[in-house]
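The values are calculated or read from the model by the stated rules, or taken from the named source; none is laboratory data. Since this is a predicted model, take the numbers as computed values, not measurements. Heads up, the Cβs are rebuilt from the backbone with ideal geometry, glycines too, and the neighbour counts pull from every protein chain shown. Each accessible area value is taken on the protein alone, full model and side chains, heavy atoms only, with ligands, DNA and RNA left out. Shrake-Rupley method; radii C 1.70, N 1.55, O 1.52, S 1.80 Å.
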Amino acid sequence: DIEDSINKIISFAQNSGQMCNVLRGVLVEEPVKNELVSKLRKKLESLNIGNPRDSETDLGPLQTKEQVKDIEEKLENSGKKQKLELLNSKVIEPILVEDVGWETELVSEGVFGPVLWVNSVEDFEEASEKYEKYNSHGLTFSVFTSSNEVIQKAKSKIKCSKLCINIDPTNISMTEPW
């Protein structure tokens with residue numbers, strides 16, 4: 001279900017993306033990519049951005065101004081240059097970029113901020129190959145699927161500290177060993 005997946009994917013913006021277990025990228029099968037991206041953009045537009053002390057705020061500031069520069073540099077180096085719209089010196093709107101080069105820092109390292117890349121793949125086999133080849137972290141991997149076959153493949157193929165099946169990766173205990 002795309003709607004359910006989007007409600008979990010949107011967690012990448014939680015704490016302004018400043019958590020080690022948030023989603024940094026999404027590998028989605030080509031036939032559903034456009035629908036997923038369109039609905040995800042609409043969901044992002046509904047987020048309240050501002051003061052984290054306000055209970056209505058969904059997205060607050062980054063910890064440092066240097067993070068803003070790091071995000072801009074990694075976007076530029078990935079060919080997705082954007083001038084970040086600062087709402088104050090450290091608050092930026094969440095960023096969704098598509099079709100990012102596999103060998104860029106944005107894919108291999110990610111950023112510590114509200115940035116999510118979305119690349120299409122043919123199937124789970126290609127997704128797992130891309131993850132293994134280009135991801136340097138291996139902390140979490142999330143699979144959103146109704147296919148038991150894909151779940152079993154994920155359990156046997158994906159090498160990571162936390163494998164999340166149909167759950168928001170930020171919804172796992174941070175007190176468990178990594």
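Annotations for the structure displayed:
- Anchor residue 74: lysines whose Cα lies under 16 Å away (excluding residues fewer than 8 positions away in-chain): 65, 83
- DSSP beta bridges confined to segment 45-172 are antiparallel in about 10 percent of cases.
- Over all other residues within a Cβ to Cβ distance under 12 Å of residue 6, the charged ones net out to 0, with Lys and Arg as +1 and Asp and Glu as -1.
- Between the beta carbons of residue 165 and residue 129, assuming R0 = 30 Å, the FRET efficiency works out to 0.95 to the nearest 0.05.
- Gaussian network model of the chain, Cα within-10 Å springs - most flexible of 59, 75, 47: 47
- Pairs from 39/157; 80/133; 133/155; 43/130; 130/155 whose Cα-Cα separation, in the structure shown, is over 25 Å: 39/157; 43/130
- Residues whose amide H falls under 5 Å from that of residue 25, counting only those 5 or more places apart or on a different chain, are 117, with hydrogens built in the peptide plane.
- Relative to the 2.2 N^0.38 Å rule of thumb, the chain has a C-alpha radius of gyration ratio of 1.00.
- Solvent-accessible area assigned to carbon and sulfur over the chain amounts to 44 percent, based on a 1.4 Å probe.
- Approximate spin-label separation residue 69-residue 38, in nm, with each point projected 7 Å along Cα-to-Cβ: 4.1 nm
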